[in-house]
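**Q** Let me begin by handing over the structure; questions about it come next.
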């Protein structure tokens, strides 16, 4: 699947547990930030993906809380996850993360983007 992300896009932190699935991301254009979290929402890992390196992709283990951020104005990311896709159980959203399209989510994206400032 191709994901097109615009700077400021909020992807609610989630994990894939029912059934457990790994998930890989490879940016094709732009830079992408991946944040992984512990069960309390504390950042446990931060990865900058860039098609030119040094990190060109990531494979997340099943059950890892994560989000994806566009670090460029437009980022296109190739995402790979085992099927079949079942919309009702594909994602387990983090209870500690705000819902999409809320002021809290907008503020959180700004906070997360600042973690990648160079």
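Values quoted throughout were computed directly from the atomic coordinates according to the rules given, and no laboratory measurement underlies them. What you see is a predicted model; the values in this text were computed from it and never measured.
**Q** Please label the shape of segment 1-47 as rounded, prolate or oblate, based on the square roots a ≥ b ≥ c of the eigenvalues of the alpha-carbon gyration tensor (a/c under 1.5 means rounded; beyond that, a/b larger than b/c means prolate, else oblate). Walk me through the numbers on the way to the answer.
**A** On the way: a/c = 1.91, a/b = 1.33, b/c = 1.44.
The shape class here is oblate.
**Q** Still on this model: Only Cα pairs within less than 10 Å get springs; with that Gaussian network setup on the chain, which residue of 51, 13, 87 has the largest fluctuation?
**A** 87
**Q** Using a 10 angstrom cutoff on alpha carbons, build the Gaussian network for the chain and name the most mobile of 96, 85, 65.
**A** Looking only at 96, 85, 65, the largest GNM fluctuation is found for 85.
**Q** Something else: What label, among [x] 39, 38, 25; [y] 41, 26, 26; [z] 36, 30, 24, belongs to Cα extents along the principal axes in Å computed from the structure on display?
**A** [z]
**Q** Do the sum for the chain: with -39,500 (n - 2.57) for every DSSP H run of n ≥ 4, divided by all residues, what is the mean residue ellipticity at 222 nm, to the nearest 500 deg cm²/dmol? Working shown, then result.
**A** Numbers: 1 runs with 12 residues, N = 118.
Here the helix-only value at 222 nm equals -3000 deg cm²/dmol.
**Q** Still on this structure, I have one more. Considering the chain as a Gaussian network with a 10 Å cut-off on Cα pairs, which listed residue, 42, 32, 17, attains the greatest mean-square fluctuation?
**A** 42
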